[in-house]
Each structure stands twice: as C-alpha cells, then as structure tokens.
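Worksheet: one structure, shown below.
The values are calculated or read from the model by the stated rules, or taken from the named source; none is laboratory data. Because the structure is a prediction, the values reported are computed rather than measured. Heads up, the Cβs are rebuilt from the backbone with ideal geometry, glycines too, and the neighbour counts pull from every protein chain shown.
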Amino acid sequence: MTARASAGWLTAVAARAEAPVFLARGIGTADADARLRASPRLRVLDSPRAAAVLVVAGCVPTELAEPLARVHDQMAHPRATVWWSGAGDSAPPVGWSHATIVGPRDDIEAAVVAAYRDVITGARCSEQTLLPDVDPAPWRGVGPYGHGGTGMTGGIPYGRPMAGRGDDRRDGLTLDVVLARIGPFFAHLPEGLVLEVTFAGDVVHDLTVKTPPVAGVDGLGARLPDDAVTATMAPDRAVPVAAIELARARQHLRWLARLLHLYGLDALARLVATKALSVPREPQELTALTRRLERCWALGWATRGVGVIDGVSAALWGGPVARAAGIPRDARANSPVYATLGFQPIVHANGDNCDRWRQRLAEAVQAIELAARAGTAVTEPGETIEPAAPPPPADFGDQLAALLIGTEWGDAVATIASLDPDVNAAGYLSKGATV
Amino acid sequence: MTATAWWGAIAGVGLAIIVGAYLVAVADRAIASVVAGEPMRSSILAGPARSVALGLVQSRTTTERPDGAAWALAPALYLGLAAAALAVVPLSETLLAADIENGLVLFGAAQALAVIPVFLNGWSPNSILPLIGAFRFIAQALSYEMPNLLALLSVSVPASSLSIHDIVASQHGLWNVVRLPLGLPLFLFAAASLAFWGPMNLPDGADLAGGTQAETSGLHLVAWRAGRAAMLVAAAAMGAAAFLGGWLGPGLPGWAWMVVKTLVLLVLLVGSRHVAARVRAERYVVISWAVLIPLALLNVMIAAVVAL
C-alpha cells in the first residue's frame, strides 16, 4: 500500500468519527447547545483546540469579533466553520466568507457532519488563520530579568501579566496570583460574559465582570426564540398556556443538560438534551429522570452548600433563583387562567446550586403537567407571564464578585452556570451590530 | 531472563495496554449509551478506532512559548508508567511479564510518579487553565496516595511478602476483598483518582475546558487519553490480583479468571464516570485526609490481626 493510499484510508476512517465541535454561542442561541449535544454524530468539546468544526451560533456583536477569530485560530488543522444564524441572517458575515451558512430552521447536524467530512477528506480546504500570529505586546526588557517586574515576579513581559504575590483570601496560605481573562466564548459561561479573574492556585482571588456595556440593546432576551413566547408575545396578545409551559420546560431542560455536562455526567446530559428538544407531553416521562437525578448522591454532594444566594439578593435575581431560596414569587400565582389549573409555586429552601437545579427540574415537570392540563386555555391579553429565566439584576457583576471571590474555580463556574445570567438582557451586549 | 523472554514480556504488556485501552473506550461508549437510553450502535465498537484515526490526521496545536519537550514527554511518560505498573501484575500463576520480589513496591512507585507527567501536561503549555489542572492534581495526588499505598500495604501483611505472586497465592480459601473489606473500595477510589477518571476528574474537568488537555489536539491528545485508559487497566488488574484472588477460581483457566475479574473492576471504574458527578476539590481533599486515611490505617490493623 502506498503512502498516499494509506493516508486516504486513514482520512476515510477519520471522517466517520463523531465530528468534534466547538460551539461559540452568540445571541439568539436558544437550543444550539442541546441540538448539538443530543446528536450521536457530534461530540461537543469544551476547548476549541481539538475541534474540527467551529459552530458559531446566532448573532455575534462586533465587540466579540476578535475573540471569535482568536477561538477560530486556536483550532487544529484541518478545520471548518459552520455559521448557524439564530436570527435568520442568510448572507455570509463579513470576514467569514469561508464558513458554511446554515439557517435557523436548517438541519445543523447534517451541515456540521458534511463540513467535517469534507474538511477531513480534503474535499474542502482547511481554513487559514484570521489574526496575525504576534505577541500582544513586545518583551519589556526592563528589570533584572527583562520581564518588567521586580525580582523574579511581576511585570507583563509580552502583555501577559506574570504571577505575583497576593494577599491571602481564605486559609492562611499565601500563594502567587496570576491574572487571566475568561470568556466570552468559554463553554460554561453565559454567552458573551467575560470575566477578569485573579487566580491564587485554584482559588478565585479576585473577579470582575469585564463585558463592556454597549448601546443598542433592543430589549429582547438573548435566548430567542423561546423567550419570545414568554417575554415579548405575552404582553400584546393572548398566548396558549400550553405553549408557554412547554417552552418553559424546554428551557429548564436545556439548562439542566449544560449543568450535567459541567459536572462530568455527559451521558445524562445527552439524555436531558434529547428530552429538551422533544419535550415529553406527559410528566410521567420525566419521572425516571427525576428519580435518577434526585438519587444521584454525588450530584447533591457536589452542589450542596455551594453558591448560596438568599434574602434580598435572591429576590433581585427573581425567577427560579428566588424560588430556590424559598421566595414564592411567581407571576403565574396572580393569573386567573393559572388559578383554574391549580398552579402553586414550587419553592426550595437553601438557595444553593443544589436547590437551583432541583428547582428547575421540578419546574420543568410542573410545566409539563400544566401544559397537559391547560388544553386550549390562553392567557389574558396584557397579562404578565413569568419568564423561565428573568433578566439578572443590573449589578449582577458586583453580586458575582461578592459571591465568588474566595471560592474555588470549579465552584465559581458551577455557580455562574446555575444562575445563568443573560448578559444581553442585562444590557451588556448589543444585538444590532453583528460581525 | 533471555532476550526472547524480554521481548515477549514487552510485547505482552504492550498488547495488554492496547487491547485494554481500547476496551476502556468501548466500555465507556457502551455504558454511556445505556445511561442515555440510546440503542447500541456499531460506532460503539468502531468509534475508538475512528477517533484514533482522527488524532493521526489532525495537526498538533501549540501555544505561546510552551515547554515543548516537557509537553511532548508527558503522555509518553504517563503511558510508560502505566506499562511499568501493569508489568508486575501476574496474568496467571506462571504468566508474568516482570517477576520481581517487590512488585508491590514497583507498582506503588509507578503510581506515585504519575504526578509528574500530569503536572508536566498542565504546566508545559504555558496556559492558565491547564496550569490550574496541574495544581489540582498535585493536591489530589497528595490526598489519594496515602490511602492507596496503605490499601496496597494491607494485602502484603497476610502474605508476608511484597511479591504480587505471593499475595495472590495467599488468598487461597479467602480473598482479600472479604478479609480486608475496606481495601478494595479504598484502592478503587485511588485508581479512579490516579487516572483522574469520572468523579475524580479534577485536573481535566469541564470547568477548566479540559484542564491539562485543554490545549492539546491530534496524536498528543490520543496518547494522553490512551495513557489514562492504560492506567485504569493497570489499576483494575492490580485490584483483581490484590483483592479478588487473581487467577484463583474454579473451572476456568487461571488467566481467564484474571481477565474476568479485571474486566469487572474495569467496568466499575469506567461506569463511575456516568453515574457520579465530579467531586469538589476541597471536599475531595478533606474526605481523603479526614476519612480515608484513618480508614486505610484501620484496614492495615485488620490485616495485622488477620495475619496473626
């Protein structure tokens, strides 16, 4: 067998592997994660390095264009991009003419698999880098070691801050601290969220939300289209209760799938993502899943007592976060149509990560029950409908800092994921200007 | 030992590593399908081979000023340690790659040294998330090594030997899993930690975007994952020999018993990934030091009583 023939055989075998995908979530990416994760032909990765296909979902504000290009350039060759528009854009975005364009109603799975097979077999050229490969800043050449600091620490030799001494924030053990920016496409942070984190080992020594507020927010939530049902359509006209509640269940299940993946339960995450794509019409269909998760002592153990938000803070977050902290605030409790369905808000007591996932799971089951009971019932025009995930408080960045400084990074990520703040709804990102 | 025997031993260990690592990947996919409620697909068997082919096709990425040599060394060193650990585990009464008197010590040493390649894989890319993964594994290794070594030490007491062959032979009539009931759970905890698998996957967790492997791709990534799978195989084989009577059993040939027992432990270890969430680093350390080390010491005392 010649080298060429063996290479051809190798690529043919590789092309049949699950396509390794990195998902860059923009605005309008409601079910992007679940749709990719539920597919047995795709493997969603947490890092772009080993991904062969970059899926850009939704609208990407111009502020995030450079970070997106950086994500693209980190991928190994051969690589391809699939631009999955969540807002109906059909024209190739400027600077991304090499990408496959997929509409919001198209078969994303088939498009990604096709792009993967083409690029692996050589039918499509691997994409070139988008940004110049240069240091963010030159070598300083200052100080005893030329790194710009004092002694062997400090300084920003290539624009990357070196480790330096920091105050003890937790247990009496003073460690070197190092500054890093995480986001805006970090797999387990909300879309667009950028954190500037000072690490002391595994501990968050300092944390600042750095995503810049941008003018032009149009008031629509980032998680279209389901939020459209609950947040934008309801005030103007009557909406079928069943549609609202199924959208709510879908959103909670999608959230749960992402959280399970974060805790390493990939198979369960796939199961939940599948259910999120096709929400069961009978609550009994979630009974086995609920029982399995409730009995998963390790999940309870990993989430109990972590990221506690209660009292005034929980009230400011509203929605499932508040109810998980024992605050029975729910607009549905004041709705005549929900009263006929026997609606009672579900609450938990502790306001930690554990109660937040239990809250959302219980509300998903409840939503399916309500949808089944609702039949053709509709809300009254102008009626306030409880959104599945209300916008976070305007000062959520400060709240996150107060909550997470001094915690381990794993707990910090899990807490942010459990709160799932909608950065766009909080006014941090523009939706109008896209890449 | 003749040159032919040397080469035979090396080939045998190599084959066991390759077959074992592939079985880990297949078992992982099969258990995932069961948990996810999906039908068993042909890709469960062929999938790992396709992933390896992809690793061979894909380029190796690099980072800004990495320590390239140390980075490249990490997966090879980890695989080598797994092979060294497996080499001292007897497949049957007469079939053993490295017949040394202090096999238990060598196995423990290989496990202890695993901290080096894991740290190298996290430190070398010069990137923050892999570095945090490396930090985590240092804390993890300091926590699991004591229970691990004490659990291994306990099985040597009734055998009055550090030879794994003698340890298996000492289980005629009563396996260590029965007379030292704390030993196997402690050992499995350490085995999953050593391969940072499932609930013990602190250095390569999703919260670190893959941790020490966050910056790797291509063949490097394949080798790294193969190393983890090989370490699971070595640990499962040692668990079968040290606690489940190794080749001892009725009816079947000794090697068959050893393979069956190893596979049972391997499925247990692999399956833990799909039923147990990743533990928090802080709780992991606290439980290890405050609960598992005392239990491991108690286990050694039980072993001393058994040996009287």
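I need the full set of residues from region A:109-125 which are more than 11 Å from chain B (Cβ to nearest Cβ) and touching a Leu at 6+ places or on another chain (Cβ under 8 Å), in order please.
A:E109, A:V112, A:V113
Can we say B:A134 is within 14 Å of chain A (Cβ to nearest Cβ) and touching an Asp or Glu at 6+ places or on another chain (Cβ under 6 Å)?
Answer is no for this residue.
Being more than 9 Å from every other protein chain (Cβ to nearest Cβ), under 20 Å from A:S47 (Cβ atoms) and small (G, A, S) is the filter here, so list the residues in region B:42-69 that pass it.
The answer is B:G68, and nothing else.
Restricting attention to region B:70-86, and to residues there that are closer than 13 Å to B:M231 by Cβ and out of contact with any Pro (no Cβ under 8 Å at 6 or more places or on another chain), which single residue is nearest to the other protein chains (Cβ to nearest Cβ)?
For region B:70-86, the residue satisfying everything is B:L79.
Go through region A:273-292 residue by residue and tally those that are buried (at least 18 other Cβ atoms within 10 Å of the Cβ) and either without any contact (Cβ under 8 Å) to a residue 24 or more places away in the chain or in contact with a Lys or Arg (Cβ under 8 Å, 6 or more places away or on another chain) (or both).
6
With respect to B:V118, determine if the residue is more than 14 Å from chain A (Cβ to nearest Cβ), free of Cβ contacts under 8 Å to residues at least 12 places away in the same chain and assigned to a helix (DSSP H, G or I).
Judged against the criteria, B:V118 is not a match.
Restricting attention to region A:266-300, report how many residues are within 15 Å of A:L253 (Cβ to Cβ) and of a type in the set (D, E).
We begin by selecting, within region A:266-300, every residue within 15 Å of A:L253 (Cβ to Cβ); these are A:268-283, A:285-290, A:292-293.
Checking which are of a type in the set (D, E) leaves us with A:282, A:285.
Selection size over region A:266-300: 2.
Which one of A:G264, A:G305, A:G326, A:G311 is surrounded by fewer than 19 Cβ atoms within 10 Å (Cβ to Cβ), within 10 Å of chain B (Cβ to nearest Cβ) and on the phi > 0 side of the Ramachandran plot?
Going through A:G264, A:G305, A:G326, A:G311 in turn, the sole match is A:G305.
State which residue is nearest to A:R35 (Cα to Cα) when the search covers only region A:126-154 and only residues that are away from chain B (no Cβ under 14 Å) and under 36 Å from the mean Cα position of the chain (by Cα).
My answer is A:L130.
Being part of a helix (DSSP H, G or I) and modelled with pLDDT of 90 or more is the requirement here; does A:A349 meet it?
Spelling it out, it is not the case that A:A349 is part of a helix (DSSP H, G or I) and modelled with pLDDT of 90 or more.
Please go through region A:64-82 and give me each residue that is within 14 Å of chain B (Cβ to nearest Cβ) and touching a Phe, Trp or Tyr at 6+ places or on another chain (Cβ under 8 Å), ordered by number.
Those that are within 14 Å of chain B (Cβ to nearest Cβ) and touching a Phe, Trp or Tyr at 6+ places or on another chain (Cβ under 8 Å): A:V71, A:M75, A:A80.
Take A:L193 and tell me if it is modelled with pLDDT of 85 or more, in contact with a helix residue (DSSP H, G or I) (Cβ under 8 Å, 6 or more places away or on another chain), at negative phi and part of a strand (DSSP E or B). Break it down stepwise before answering.
Numbers: modelled with pLDDT of 85 or more: yes; in contact with a helix residue (DSSP H, G or I) (Cβ under 8 Å, 6 or more places away or on another chain): yes; at negative phi: yes; part of a strand (DSSP E or B): no.
Answer is no for this residue.
Among the numbered criteria (1) within 29 Å of B:D166 (Cβ to Cβ); (2) assigned to a loop (DSSP other than H, G, I, E, B); (3) in contact (Cβ under 8 Å) with a residue 24 or more places away in the chain, which single criterion is violated by B:V279?
Among (1) within 29 Å of B:D166 (Cβ to Cβ); (2) assigned to a loop (DSSP other than H, G, I, E, B); (3) in contact (Cβ under 8 Å) with a residue 24 or more places away in the chain, the lone unmet condition for B:V279 is (1).
Taking helices (runs of 4 or more DSSP H) that fall entirely within region B:137-208, which contain at least 2 residues that are under 21 Å from B:A85 (Cα atoms), within 14 Å of chain A (Cβ to nearest Cβ) and not polar (S, T, N, Q)?
B:183-194
Here are A:R165, A:R181: which of them is surrounded by 12 or more Cβ atoms within 10 Å (Cβ to Cβ), modelled with pLDDT of 75 or more and among the basic types (K, R)?
Sole residue among the options that is surrounded by 12 or more Cβ atoms within 10 Å (Cβ to Cβ), modelled with pLDDT of 75 or more and among the basic types (K, R): A:R181.
Here's the yes/no breakdown for (1) more than 14 Å from chain A (Cβ to nearest Cβ); (2) modelled with pLDDT of 95 or more; (3) surrounded by fewer than 24 Cβ atoms within 10 Å (Cβ to Cβ):
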| position | (1), (2), (3) |
| --- | --- |
| B:T216 | no, yes, no |
| B:M231 | yes, yes, no |
| B:V260 | yes, yes, yes |
| B:V264 | yes, yes, yes |
| B:V275 | no, no, yes |
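Can you spot a residue in region A:277-290 that is in the same structural domain as A:C354 (by TED's automatic domain parsing), within 21 Å of the chain's Cα centre (by Cα) and part of a helix (DSSP H, G or I)?
yes
Here's a check for you: in region A:391-419, which residue that is over 17 Å from A:L299 (Cβ atoms) and under 12 Å from the mean Cα position of the chain (by Cα) is farthest from the other protein chains (Cβ to nearest Cβ)?
This residue is A:L419.
Filter region B:3-17 for residues that are under 22 Å from B:L221 (Cα atoms) and either within 13 Å of another protein chain (Cβ to nearest Cβ) or free of Cβ contacts under 8 Å to residues at least 60 places away in the same chain (or both) and give the result.
B:L15, the sole residue that qualifies.
Being in a helix (DSSP H, G or I), within 11 Å of chain B (Cβ to nearest Cβ) and modelled with pLDDT under 95 is the filter here; which residues of region A:14-44 pass it?
Of everything in region A:14-44, just one residue is in a helix (DSSP H, G or I), within 11 Å of chain B (Cβ to nearest Cβ) and modelled with pLDDT under 95, namely A:R37.
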